[in-house]
Amino acid sequence: MAELTNHLCKTVKSLNERKTRKKEKAFKAEGTKCVLDTLGHFNLRYLIATTGWIDDHASVISRIAPELIVKCPKREMERLSSLTTPSEVIAVYDIPQYHFDPNSVADNIVLALDTIQDPGNLGTIIRVADWFGVTNIICTYETADCFSPKVVQATMGSISRIKVHYCDLAETLSELPPTNIYGTFLDGDNISEIAIENKGVIVIGNEGKGISDEIENLVTHRLLIPSYPKDRQTGESLNAAIATAITLAKFRGI
């Protein structure tokens with residue numbers, strides 16, 4: 001088994017920061033469920049765990065190269081963890097490199113995130129996308145980092161199956177082959193009253209500002225998620241993750 005060095009401790013703890021993840025090209029997953037859901041989906045650098053966790057998960061440990069396993073005392077796990085209640089296991093993975101195929105919009109749904117900044121929202125959107133069979137998300141460079149500990153935790157393992165591509169979103173949308181680009185607006189067509197194809201791009205706007213003018217100009221179909229009843233006073237808007245779930249449910253015919 002590998003040794004828990006001061007350098008490793010410092011590196012793992014600093015993976016909470018985006019600049020370190022970018023420099024090290026690595027991210028971490030914490031907690032038993034999160035680690036078990038992601039093992040085998042990403043290239044593992046280290047599995048850091050307490051002796052108790054290692055003993056309780058012998059079948060998992062047996063499938064991992066010994067040099068990648070690091071025993072860690074509970075008191076040290078508290079230093080490494082970014083969770084309120086420190087976990088007994090942390091997996092450190094390589095950040096995967098994905099290639100977005102523009103032709104994937106031909107027969108599939110692709111989500112486009114216009115600067116989603118809240119990690120919890122992004123994690124939930126990834127989880128919702130996984131539930132509804134969406135495998136590709138394209139988003140602005142300003143969108144929250146999908147490999148931050150908070151986002152990874154919020155995905156509940158769905159980060160293993162969803163490819164998130166950071167890009168110049170306006171440029172990427174402009175270069176897609178002919179396809180429908182949908183966005184939700186307060187002056188759009190009622191989503192429950194129109195026919196929708198089960199393919200295309202769905203744009204989800206920023207939590208506070210909605211869809212930016214640059215991206216709005218590329219939208220071909222404006223959709224409205226109506227409140228109920230329509231004449232009742234309600235909140236100003238829906239949470240981005242909830243709007244994503246309602247829209248995808250409509251596209252999937254639910």
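The values are calculated or read from the model by the stated rules, or taken from the named source; none is laboratory data. What you see is a predicted model; the values in this text were computed from it and never measured. Glycine gets a Cβ as well: all are built from the backbone with ideal geometry, and neighbour counts include every protein chain shown. Accessible surface is based on the protein model in full, side chains and every heavy atom, while ligands, DNA and RNA are left aside. Shrake-Rupley method; radii C 1.70, N 1.55, O 1.52, S 1.80 Å.
A simple charge model with +1 on the Cβ of Lys and Arg, -1 on the Cβ of Asp and Glu and nothing else charged puts the dipole of segment 91-225 at about 520 debye relative to its Cα centre. Over segment 42-81, what portion of Cα pair distances is larger than 12 Å, expressed as a whole percent? Percent of Cα pairs beyond 12 Å in segment 42-81: 58. Relative to the longest principal axis of the Cα atoms of the chain, the long axis of helix 119-131 makes an angle of roughly 80 degrees. If both residues of a DSSP beta bridge must be in the chain, then about 30% of such bridges are antiparallel. Calculated mean residue ellipticity, 222 nm, the chain: -8000 deg cm²/dmol, from DSSP H runs (n ≥ 4) at -39500 (n - 2.57) each, averaged per residue and rounded to 500.
Extension gain for the segment ALA58 to LYS33, taken as residue separation times 0.36 nm less the Cα-Cα distance, is 7.5 nm to one decimal.
Quick one: which of LYS22/LYS163; LYS33/LYS74; LYS19/LYS150; LYS33/LYS150; LYS28/LYS74; LYS71/LYS150 span more than 21 angstrom between C-alpha atoms? Cα-Cα > 21 Å for LYS71/LYS150; rest within. For Rg and Dmax of the Cα atoms in Å, the value computed from the atomic coordinates appears in the list (i) 16.8, 49; (ii) 18.4, 58; (iii) 20.4, 65 under label (iii). How many percent of the alpha carbon pairs in segment 128-214 exceed a separation of 23 Å? Looking at segment 128-214, the distances longer than 23 Å represent 31 percent of pairs. Taking the longest Cα principal axis of the chain as reference, the axis of helix 240-251 is set at about 60 degrees. When the chain is described by a simple charge dipole with +1 on each Lys and Arg Cβ and -1 on each Asp and Glu Cβ, the residue from GLY235, ILE137, THR172 located farthest towards its positive end is ILE137. Here the Debye sum runs over all C-alpha atoms of segment 1-99 as equal scatterers in vacuum, and log10 of I(q)/I(0) at q = 0.16 Å⁻¹ comes out as -0.62. On a C-alpha basis, how far is the centre of segment 182-227 from the centre of segment 75-153 in Å? Whole number, if you could? If you average the Cα positions of each part, the centres end up 22 Å apart. Of all lysines in the structure, those lying under 24 Å Cα to Cα from LYS230, and not within fewer than 8 positions of it along the same chain, are LYS209, LYS250.
Quote the charge dipole size of segment 195-243 about the Cα centre in Debye, to the nearest 20; the model charges only the Cβ of Lys and Arg (+1) and of Asp and Glu (-1).
The calculation lands at about 200 debye.
Length, then width, then depth: along the principal axes, the Cα atoms of segment 164-254 run 41, 28, 23 Å. Each listed q (0.13, 0.14, 0.15 Å⁻¹) maps to a log10 I(q)/I(0) for segment 38-166, found by the Debye formula over equal Cα scatterers with no solvent: -0.62, -0.70, -0.79. Shape annotation for segment 83-228: C-alpha extents along the principal axes are 50, 37, 26 Å, from largest to smallest.
The antiparallel fraction among DSSP beta bridges confined to segment 101-245 stands at about 5%.
With a probe of 1.4 Å, find how much accessible area the chain has per residue, and write the answer as a whole number in Å².
53 Å²
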